[in-house]
Amino acid sequence: GSTQVSVFVSLDGREALNLDSFQLQLDNRPVANYLYTAGEQEALHRGGVQRLYLGNVTVGPHQLSASFIGKDAAGKDQRANVSQPFEKSMAAKFFELKVSNGGTDSPKLTVKEWE
């Protein structure tokens, strides 16, 4: 059977970064390549959460990979990526791709699975 996977994007430590684009792959297959408008960047800065992807995958093991390109407050290009295996059951899966500045110079991208 196939069941639903939803992937969301959020910004943490939001003032420091503007997202230009987000890429998402499932099992090394590109499923989303999103370019942000100024209004969408603003919504993320205000704490909004964006749905990047909604689709179906088969039950069993999968790999989620994501990366973003953005600019920091100084206008310098920033990027990060993350890759995470997951097991798909019959239940819907929800993932949050959290971009945070992590208190360092370069932002971090983490995957959080919602129960």
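Report the residues of the stretch 49-80 in range of a label on ARG29: point 7 Å along Cα→C-beta, backbone N strictly under 17 Å from it.
Those under the cut-off are 53-66.
Can you pull the percent of the chain's accessible area that's carbon plus sulfur, 1.4 Å probe, other chains left in place?
Here it works out to 49 percent.
How far, in nm, would the chain grow between ASN81 and ALA43 when pulled straight, counting 0.36 nm per residue and subtracting the alpha carbon separation?
Between ASN81 and ALA43, full extension yields 11.5 nm more.
Can you work out the Karplus-derived ³J(HN,Hα) for every residue in the stretch 87-98? Use 6.51 cos²θ - 1.76 cosθ + 1.60 with θ = phi - 60°, whole Hz, and x for glycine or proline.
Each residue's phi maps through the Karplus curve to give 10, 9, 9, 6, 7, 5, 10, 10, 10, 10, 8, 9 Hz.
Relative to the Cα centre, what is the charge dipole magnitude of the stretch 44-101, using +1 at the beta carbon of each Lys and Arg, -1 at the beta carbon of each Asp and Glu, and rounding to the nearest 20 debye?
Dipole magnitude for the stretch 44-101 comes out near 140 debye.
Report the accessible area of SER106, computed with a 1.4 Å probe over the heavy atoms of all protein chains in place, in Å² rounded to the nearest 10.
Here the accessible area works out near 60 Å².
How big is the accessible area of ARG51 in square angstrom, nearest 10, if you roll a 1.4 angstrom probe over the protein chains?
Surface accessible to solvent at ARG51 totals approximately 140 Å².
Roughly how big is the chain's charge dipole about its Cα centre, with Cβ charges of +1 (Lys, Arg) and -1 (Asp, Glu), in debye to the nearest 20?
140 debye
Starting from the residue with the highest accessible area, list GLU42, GLU96, GLU115, GLU87 in decreasing order, probe 1.4 Å.
The most accessible residue leads, giving GLU115, GLU87, GLU42, GLU96.
Heads up, I need the accessible area for LYS76: 1.4 angstrom probe, whole protein in place, Å², nearest 10.
LYS76 exposes around 120 Å² with every protein chain in place.
Quick one: how many lysine pairs does the stretch 64-115 have with C-alpha atoms less than 28 Å apart and a gap of 8 or more or different chains? Give me the count, please.
13
Tell me, what is the per residue accessible area of the chain in Å², probe radius 1.4 Å?
Roughly 54 Å² per residue, with all protein chains present.
The values are calculated or read from the model by the stated rules, or taken from the named source; none is laboratory data. A quick note: this is a predicted structure, and the numbers were derived from the prediction, not measured. Here the Cβ is made from the backbone with ideal geometry for all residues, glycine too, and neighbour counts use every protein chain on show. Note: accessible area is taken over every heavy atom of the protein model, side chains too, but ligands, DNA and RNA are not part of it. Shrake-Rupley method; radii C 1.70, N 1.55, O 1.52, S 1.80 Å.
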